[in-house]
Amino acid sequence: MIIFSSVLIGILLVFLAKSYIDLARQIKLFRAEKQNREAILASLSDGILQYGADKKVIFMNPKAEEYFGVRQKDISDLKIVPDLWDDKPIYRALVEIIYPELAPFTLSRGGESFLSEKGTEIHTSRPELRLFVLSKEIKNASGEVAGYVKIMRDISHDALISKIKSEFVSVAAHQLRTPLAALKWTIKLFLDGDMGKLEPKQLEFLGRGFETTERMVKLVNDLLDAARIEEGRFGYEFKEMDYLDFIKKLIKNYELTSKEKKIGVILLPIRDLISPIYADEERLSLAISNLIENALRYTSMGGKIDIGISLEKDYAKTVISDTGIGIPKEEQKRVFSKFFRASNAIRLETEGTGLGLFIVRNIIKRHGGEISFVSEEGKGTIFTVLLPLKRELIPKKESPAVQEFLEGV
């Protein structure tokens, strides 16, 4: 019996020793993995912030510590509450990231981030610190939110580069516009016969030069418009205007072009009473005209363009549909990007700046409206524009465009 007990104890000791060795090995592996994970997080160029549901910071990598000017070990037991910065101003940026509604500026953005996910652009009270933030909830086994992880990227430098590029384009375009205008009107003098009679062949070549110069002038003007929009200084003068009369005049401007291409541009019967809207007629004309011109340009001879106007709650709804070439499905998400032109549009017509719809979208948004579209390649495109009827729905001031000016280059 004693021998049996000794053997049993020996077996148990061996089992315990083996379990201890396995446990020690697992702890060692866990610590090694933890160190590796922390080393990876520490080396990231993006800031990582993790905090619990109780708003106590669990982890900050060195980049996050650099952003906020605080160290994790100094705040590990500190509950981050909204009024924390009253006594400790150094924590203000950290508080604004955990409570974005307290930041001077926030903007939700989708599909444009460095991870192609939805996130929030946050400008903190520190002017030099602007962050793009991705937030993820951490849930426990029962599905309750146990904490949060925020991945942050400093976009202050990106904004500066964007501004420099916009300013360069603006200066370059200004320098080009004057000599191009002089060249255009000099050629026009020859074409009109003011400089003497020319041979037919000479007139033909001058005519080509005039068309090329006109295209260059349009490109320069588009570049200037896009640069001003990007910088938030396009300039708007809002006045009350009769929207139906405005649309009818625009359609009349394209009568000659539509007849030449044998394309019917039809204003559908209007059943709703559309009250006057508050808008910048010149800027809005640029936007709606661009949509009509695109429809005419990319619709084959014999096609049609329908324009419908109706009332949708507090908005005037304008629908411009064509039977044109349409937009390839895989390219539709880039339609409002700068310098973008659909592949089938390039094959059909090589000329074009790719800035038109970027300008259109920003003009519509400045008016407090929205623009959307549906399209099928080979069957046509339908653009829908919503413009507010109430003055209070229009933004108080012009803001810089969200997208980077030269992102499409």
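The values are calculated or read from the model by the stated rules, or taken from the named source; none is laboratory data. Here the structure is a predicted model, which means the values were calculated and not measured. Cβ: placed from backbone, ideal geometry, glycine included. Neighbour counts: every protein chain shown.
Test each condition in (1) in a loop (DSSP other than H, G, I, E, B); (2) crowded, with 20+ Cβ neighbours inside 10 Å; (3) hydroxyl-bearing (Ser, Thr, Tyr) for Thr353 and report the one that comes out false.
Unmet condition: (2).
Restricting attention to the range 67-101, which residues are farther than 19 Å from Asp154 by Cβ, of a type outside the set (Phe, Trp, Tyr) and at pLDDT 85 or above?
Taking the range 67-101 first, the residues farther than 19 Å from Asp154 by Cβ are 73-89, 99, 101.
Keeping just the survivors that are of a type outside the set (Phe, Trp, Tyr) gives 73-84, 86-89, 101.
Answer for the range 67-101, where residues must be farther than 19 Å from Asp154 by Cβ, of a type outside the set (Phe, Trp, Tyr) and at pLDDT 85 or above: Lys73, Asp74, Ile75, Leu78, Lys79, Ile80, Val81, Pro82, Asp83, Leu84, Pro89, Glu101.
Go through the residues of the range 303-316 one by one and say whether even a single one is charged (D, E, K, R), assigned by TED's automatic domain parsing to the domain that holds Val265 and in contact with a Ser or Thr (Cβ under 6 Å, 6 or more places away or on another chain).
So in the range 303-316, the residues charged (D, E, K, R) come out as 304, 306, 312-314.
Still in the running and assigned by TED's automatic domain parsing to the domain that holds Val265: 304, 306, 312-314.
Then keep just the ones that are in contact with a Ser or Thr (Cβ under 6 Å, 6 or more places away or on another chain); that gives 304, 306.
Yes, that holds for at least one residue.
Evaluate the following for Arg92: is it among the basic types (Lys, Arg) and out of contact with any strand residue (DSSP E or B) (no Cβ under 9 Å at 6 or more places or on another chain)? Before you say what the answer is, go through the steps one by one.
Details: among the basic types (Lys, Arg): yes; out of contact with any strand residue (DSSP E or B) (no Cβ under 9 Å at 6 or more places or on another chain): yes.
Here the answer is yes, as Arg92 does meet what is asked.
Anything in the range 290-303 that is among the charged types (D, E, K, R) and surrounded by fewer than 17 Cβ atoms within 10 Å (Cβ to Cβ)? List them, or say none. Step through it out loud before you land on a result.
Going through the range 290-303, the residues among the charged types (D, E, K, R) turn out to be 293, 297.
The answer is Glu293, and nothing else.
Would you tally the residues in the range 190-238 being of a type in the set (D, E, K, R) and assigned to a helix (DSSP H, G or I)?
Kept after step one, since they are of a type in the set (D, E, K, R), are these residues of the range 190-238: 192, 194, 197, 199, 201, 204, 208, 211, 214-215, 218, 222, 225, 228, 230-231, 233, 237.
Next, from what is left, pick out any that are assigned to a helix (DSSP H, G or I): 201, 204, 208, 211, 214-215, 218, 222, 225, 228, 230-231.
Result for the range 190-238: 12.
Restricting attention to the range 262-289, which residues are assigned to a loop (DSSP other than H, G, I, E, B) and under 30 Å from Ser300 (Cβ atoms)? Spell out the reasoning first.
If we filter the range 262-289 for residues that are assigned to a loop (DSSP other than H, G, I, E, B), which is where we start, we get 262-263, 268-276, 280.
Once the filter is applied, which keeps residues that are assigned to a loop (DSSP other than H, G, I, E, B) and under 30 Å from Ser300 (Cβ atoms), the range 262-289 yields Lys262, Ile263, Leu268, Pro269, Ile270.
Give Leu250, Leu244 a once-over and let me know the one that is closer than 25 Å to Asp222 by Cβ and of a type in the set (A, V, I, L, M, F, W, C).
Details: Leu244 fails: closer than 25 Å to Asp222 by Cβ.
Just a single option satisfies the conditions, and that option is Leu250.
In the range 179-210, which residues are among the charged types (D, E, K, R) and surrounded by 13 or more Cβ atoms within 10 Å (Cβ to Cβ)? Explain how you work it out, then say what you get.
Applying the first criterion (among the charged types (D, E, K, R)) to the range 179-210 yields 184, 188, 192, 194, 197, 199, 201, 204, 208.
Once the filter is applied, which keeps residues that are among the charged types (D, E, K, R) and surrounded by 13 or more Cβ atoms within 10 Å (Cβ to Cβ), the range 179-210 yields Lys184, Lys188.
Could you pull out the residue among Lys338, Lys333, Lys252 that is basic (Lys, Arg), under 29 Å from Ala227 (Cβ atoms) and not in a loop (DSSP other than H, G, I, E, B)? Talk me through it step by step, then tell me what you get.
Working: Lys338 fails: not in a loop (DSSP other than H, G, I, E, B); Lys252 fails: under 29 Å from Ala227 (Cβ atoms).
Criteria check complete, one pass: Lys333.
Filtering the range 130-168 down to residues that are buried (at least 17 other Cβ atoms within 10 Å of the Cβ) and of a type in the set (Val, Ile, Thr), which residue is modelled with the lowest pLDDT?
By that ranking, first place goes to Ile155.
Give the residues of the range 316-330 that are in a helix (DSSP H, G or I) and buried (at least 21 other Cβ atoms within 10 Å of the Cβ), sorted by residue number.
Just the residues of the range 316-330 that are in a helix (DSSP H, G or I), to begin with: 329-330.
Passing the criteria: none in range.
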